[in-house]
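Chemist: Before we start, here is the structure in question, set down as structure tokens.
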């Protein structure tokens, strides 16, 4: 099914590219021939237009034939109840939504062995207990939530003046982890760290800490990456306490005295407590409703003690007003063999689905500024107001964001006044949906290694998480529509070379969205920018750029 969706998208993208290429070529030809005499200009423009139209017709025929072929093979689609679409985008219930949004609480909510949690904190702050705490369990049990809750405790911050949270990459690189730690404990050295070796990074971290205590969380540690523990533990320059989250029991280095905390599924009492918190209902409200009590047993059976399933199902049901709607959703979940991930996605209004999938273009668990996310959604053209005179794109985007938060599909970090500051997609959702979105060609990331040469021409959205941006061949970039840079270590000159590749083959580019937020003084020449005719969004926040050409 994924392969079929990818082919449909590729055919649609090809038709879109052919249309835009024709329009741009016609516009450029008109500009080019204005300087010639009328007769010559008329002949050359007609000839050039004819050539462009022939190419356009050829590309459109290819695209249409591919779509027809795929439609014939199309499997019988599953029909999902999507009754929330009109309700969300019609703006009929502003007062109710505003009330719910105002009183939404923090999304991190740990349910489970609270006694172990406190014991974990005591061991963490003690100088005598193990340096390493391994949180082990299957996906969706709340390993990251537990680590986050502990990491953000006020008493933990008081005991550890230096803290670092590192997403361990699947292709493990000890130097990358050390450099990330250095950046987090001393952001002044963002450029210096790129020139240091692994040993030099370790020494520099020790110098900065100067004997102080440091808490390091390594999220997503695998067998290959367990060696980073030996690297950190062998360093005598600083006193580190390390929390690792992992799905497997690791053979940790012999130097490590460590504590293993195994997370299991929740019992029924814990499951129901978490469900009520996430569905935002009081126990008394449920006990007074006989229909809800009847559904309780089915809910617990579907979720089977898995916190991630409980959180998602609660978020989905929180958008349903009537018990009958709850019943239908639960029946669908049961018929779908408890696949809450698929059910939560298919229940989304169609306009929100691309917005949700787009969050997979960000690095895993990256703290995304809410204002940046909304701007990117609008720039990508995912949301169109039905009545532009009454509502604008940002209003629609904000409502979509709120809906995803209500459904527990986005986690939020808040400002002191309670308004959302940053957000991220929960890890278990990111792991599932990001790979699916990339597999069908919805976007591509520089850290992925699955892209085949035959698929390069279909790349529309590209994001760099790490590495150099000039490793991409020109063929990869010819139909690129949007580019977002998350690797802030990209050099200014590399940005200019990258943009030149986009326009090198055709003397113009189809790029309409370029977000370079956080890159230091990227090189943007007038010659390049004027050839990006479709460019409508240019993100230069925190780039310290002096001026635009």
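The values are calculated or read from the model by the stated rules, or taken from the named source; none is laboratory data. All of these numbers come straight from a predicted model, not from anything done at the bench. Cβ placement follows ideal geometry from the backbone for every residue including glycine, while neighbour counts extend to all protein chains displayed.
Chemist: Which condition number does residue 403 fail, the rest of (1) more than 30 Å from residue 281 (Cβ to Cβ); (2) under 17 Å from the mean Cα position of the chain (by Cα) being met?
Modeler: (1)
Chemist: Name the residues in the range 329-341 that are in contact with a helix residue (DSSP H, G or I) (Cβ under 9 Å, 6 or more places away or on another chain) and either part of a loop (DSSP other than H, G, I, E, B) or modelled with pLDDT of 85 or more (or both), would you?
Modeler: 329, 330, 331, 332, 336, 338, 339, 340, 341
Chemist: Against the definition (under 20 Å from residue 124 (Cβ atoms) and either out of contact with any helix residue (DSSP H, G or I) (no Cβ under 9 Å at 6 or more places or on another chain) or at pLDDT below 80 (or both)), how does residue 184 come out, yes or no? Show your work before the answer.
Modeler: Values: under 20 Å from residue 124 (Cβ atoms): yes; either out of contact with any helix residue (DSSP H, G or I) (no Cβ under 9 Å at 6 or more places or on another chain) or at pLDDT below 80 (or both): yes.
The answer is yes for residue 184.
Residues are listed down the side, and each one gets a yes or a no for (1) part of a loop (DSSP other than H, G, I, E, B); (2) modelled with pLDDT under 70; (3) over 16 Å from residue 502 (Cα atoms):
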position	(1), (2), (3)
479	yes, no, no
483	no, no, no
487	yes, no, yes
490	yes, no, yes
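Chemist: Look at residue 107 and say whether it is at pLDDT below 75, in contact with a strand residue (DSSP E or B) (Cβ under 6 Å, 6 or more places away or on another chain) and within 27 Å of residue 344 (Cα to Cα).
Modeler: yes
Chemist: What's the number of the only condition in (1) within 15 Å of the chain's Cα centre (by Cα); (2) surrounded by 15 or more Cβ atoms within 10 Å (Cβ to Cβ); (3) at pLDDT below 90 that residue 435 fails to meet?
Modeler: (2)
Chemist: Assuming residue 417 fulfils every condition listed in (1) at pLDDT below 80; (2) outside the structural domain of residue 534 (by TED's automatic domain parsing); (3) buried (at least 20 other Cβ atoms within 10 Å of the Cβ) apart from one, which condition is it?
Modeler: Against the list (1) at pLDDT below 80; (2) outside the structural domain of residue 534 (by TED's automatic domain parsing); (3) buried (at least 20 other Cβ atoms within 10 Å of the Cβ), residue 417 comes up short only on (3).
Chemist: If you don't mind, there's one more thing I want to ask. Residue 315 - would you say it is within 21 Å of the chain's Cα centre (by Cα) and either part of a strand (DSSP E or B) or not assigned by TED's automatic domain parsing to the domain that holds residue 289 (or both)?
Modeler: Against the criterion (within 21 Å of the chain's Cα centre (by Cα) and either part of a strand (DSSP E or B) or not assigned by TED's automatic domain parsing to the domain that holds residue 289 (or both)), residue 315 does not qualify.
Chemist: Here is a further query. Considering (1) at pLDDT 85 or above; (2) surrounded by fewer than 16 Cβ atoms within 10 Å (Cβ to Cβ); (3) closer than 30 Å to residue 181 by Cβ, say which one residue 244 fails and leave the rest.
Modeler: Of everything listed in (1) at pLDDT 85 or above; (2) surrounded by fewer than 16 Cβ atoms within 10 Å (Cβ to Cβ); (3) closer than 30 Å to residue 181 by Cβ, residue 244 misses just condition (2).
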